[in-house]
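Step one of this worksheet: look at the structure below.
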Amino acid sequence: MNDVGTKRGRAWARAVVAVAAVSLLTGCTGVSIGQAESGTPAAAQASPAPATPSGPTATVIAVTPAPGASPIPSKPSVPAGSALSMEEMDDARLAMDRFLATAWDTMEPKRLGDVSIADCLYFDKDYRTKTTALFTVDCATPHEGEVMAIYQHPGSEYHGQGDLDGIAGPVFSEAADVMRQAGQLPTDARRDLMPTEADWETGERTSIGLLLGNNSFELLERGYFDPGHAKVYDVPDYGPAGRQIPAGGA
């Protein structure tokens, strides 16, 4: 059993990457990053879009708004929740640690590539193998995060979690923006999990984007996404040299 109370050492807060690129999820056409809108005059474009890379493409699976669903709440932008008291944070942290302590003894951890859209889970690290460990639970029970997007990397060479985050992170941000604009994103907190080097050496090529509670250590009380409303599409994978921002991007 892992000493999760002292060894988890995970960063709990992550700033959302602001991306002003053309939405990848608009409609059902699978529009790729940098693809110009049909009928847009050339003069109206600030600068030419970058050439489509000759390398492989990555497959993305992302949750999409459920038609007719009531907004959560009934406005597109959801404010951050009020800060938890120290006592509430301690209680939530203890609940997480207790769950993981039991899970390591009673459950088989899943890999990043084993989860699906709308899976509810706790995440940890196996300190013996240095690989990511995920424990899925029923969404009706408190949980640490819910899967909202999946990025399948096509590359064979590992260049670090930072490079993977620079590639997949903006795609996850756009998926969250689409849900936020539809009023179907209940919090503004996210966490992206990228393969560790040890994960990569075992053949893991999947990164996932998670919805979290608004406050550090705050658990989600139910599931928010419908696995039946997800889109699969391909995007250019820009590789370790750095993400190429398309025209109009930031």
| task | From the C-alpha gyration tensor of segment 158-203, pull out the three semi-axes of the equivalent ellipsoid (sqrt of 5λ each), sorted largest to smallest, in whole Å. | result | 27, 10, 8
| task | Using only Cα positions of segment 106-178, each an equal point scatterer, no hydration layer, compute I(q)/I(0) via Debye at q = 0.12, 0.16, 0.23, 0.24 Å⁻¹ and quote the log10 values to two decimals. | result | -0.39, -0.70, -1.24, -1.28
| What accessible surface, in Å², does a 1.4 Å probe find on ILE208, ignoring ligands, DNA and RNA and rounding to the nearest 10? | 0
| When Rg is the radius of gyration of the Cα atoms in segment 167-237 and Rh is its Kirkwood radius, what does Rg/Rh come to? | 0.99
| query | Of CYS120, CYS139, which has the most accessible area and how do the rest follow, probe 1.4 Å? | reply | CYS139, CYS120
| remark: Largest-first ranking of ARG111, ARG222 by accessible area, probe 1.4 Å, whole protein assembly kept, is ARG222, ARG111
| request: Please list MET96, MET86 in order of solvent-accessible area, largest first, computed with a 1.4 Å probe with all protein chains present. | output: MET86, MET96
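The values are calculated or read from the model by the stated rules, or taken from the named source; none is laboratory data. Since the model is a prediction, treat every value here as computed from it, not as a measurement. For the accessible areas, the whole protein counts, side chains as well, though only heavy atoms, and no ligand, DNA or RNA atoms are used. Shrake-Rupley method; radii C 1.70, N 1.55, O 1.52, S 1.80 Å.
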